[in-house]
């Protein structure tokens with residue numbers, strides 16, 4: 001258990017540097033830069049970020065463990081299998097990007113609207129940043145995390161929650177420590193006019209995260225849901241613009257209530273149709289480059305021990321690491337040639353939409369989340385689990401060994 005706790009804590013620290021989390025944690029980094037000499041406010045915001053991370057992590061872990069106890073086969077990142085969650089998350093991130101671009105302000109007093117300042121809402125804003133960071137972090141799988149989460153999911157609830165708590169502490173540790181210890185904060189650049197440029201620049205990683213979520217939604221729910229989300233995004237942008245105008249009119253002492261009412265009406269119009277539209281659709285299209293066989297436990301059982309190796313790619317469109325491995329390793333010429341030369345059966349287990357069989361398999365192999373790569377030897381021997389970060393050489397060697405053929 002101590003090993004799992006340590007692995008979860010270290011994995012949480014590394015998670016800060018994963019590409020799917022960077023757009024959100026960069027907001028926290030920007031927040032730290034605002035506190036020039038204000039130790040109390042820096043500590044308050046750092047603790048708020050820690051609170052948001054821990055509460056959200058424990059809530060997700062509690063839901064995950066409760067669902068599994070009730071017989072549901074769900075795993076790490078389960079909430080991103082819901083098109084409704086994906087669409088709402090995309091709209092939140094778009095709103096954050098518009099805020100960074102200065103279209104409207106959040107958490108700033110009207111007397112300071114448009115300036116780089118801490119503002120009275122900093123505590124709540126920092127806590128929400130922590131919550132958002134954890135929600136978008138779940139598709140990522142940092143080193144040491146998979147084994148720790150896999151271990152947690154087969155332990156009693158108290159042990160499992162302790163491991164998830166360690167993961168949350170590791171994730172929040174870098175920013176919280178800098179906030180709590182002024183000596184570390186002194187090493188950060190001093191605030192200045194350049195921060196306005198940085199604030200605007202940080203909007204573009206957020207827009208990149210928004211584009212990724214839109215792509216994931218298209219894989220999950222089809223073109224109708226995609227069209228609704230895009231229309232909602234335009235409406236949200238209009239609402240943000242109207243809200244910004246209302247803020248400036250209020251600051252100038254002019255009428256602003258009509259603008260706020262229009263903003264509220266637009267937000268209701270955006271959110272209301274989402275539950276009825278954001279539903280998974282059946283699709284036979286899978287995003288792989290080598291002709292795959294659709295994975296099922298039954299298919300694997302039927303094909304094992306018949307003289308052909310089997311390579312199973314457990315993947316999902318919302319899994320960033322999966323997509324990187326597909327482009328850098330599984331789609332390369334060397335791996336394609338090795339699959340053909342060894343006669344290996346290539347199977348894809350897609351968990352973009354909820355697939356209980358995939359989650360059962362993850363539990364079977366002691367993995368808490370995606371990606372998972374399993375090679376079954378041609379002679380029917382014990383399967384081998386490959387590392388979560390692939391290289392073409394690693395895959396080719398595994399295929400050669402499993403098939404009993406030399407390169």
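The values are calculated or read from the model by the stated rules, or taken from the named source; none is laboratory data. These figures come from a predicted structure and were not determined experimentally. Note that each Cβ is placed from the backbone with ideal geometry, even for glycine, and that neighbours are counted across all protein chains shown.
The number of residues in segment 175-193 being surrounded by fewer than 18 Cβ atoms within 10 Å (Cβ to Cβ) and modelled with pLDDT of 70 or more comes to 4. Exactly one residue out of 388, 367, 401 is on the phi < 0 side of the Ramachandran plot and out of contact with any helix residue (DSSP H, G or I) (no Cβ under 9 Å at 6 or more places or on another chain): that is 401.
Selection of helices (runs of 4 or more DSSP H) fully inside segment 192-275 by the criterion of at least 2 residues being more than 20 Å from the chain's Cα centre (by Cα) and not assigned by TED's automatic domain parsing to the domain that holds residue 102 returns nothing.
Every residue, every condition in (1) under 28 Å from the mean Cα position of the chain (by Cα); (2) buried (at least 19 other Cβ atoms within 10 Å of the Cβ), yes or no:
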| site | (1), (2) |
| --- | --- |
| 336 | no, no |
| 352 | yes, yes |
| 358 | yes, yes |
| 366 | yes, no |
| 371 | yes, yes |
| 387 | yes, no |
| 395 | yes, yes |
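Restricting attention to segment 250-268, the residues that are surrounded by 14 or more Cβ atoms within 10 Å (Cβ to Cβ) and either under 18 Å from residue 98 (Cβ atoms) or at pLDDT 90 or above (or both) add up to 6.
Do we have any residue at all in segment 96-111 that's at pLDDT 85 or above, in the same structural domain as residue 237 (by TED's automatic domain parsing), within 19 Å of residue 18 (Cβ to Cβ) and in contact with a helix residue (DSSP H, G or I) (Cβ under 7 Å, 6 or more places away or on another chain)? Yes, the conditions are met somewhere in segment 96-111.
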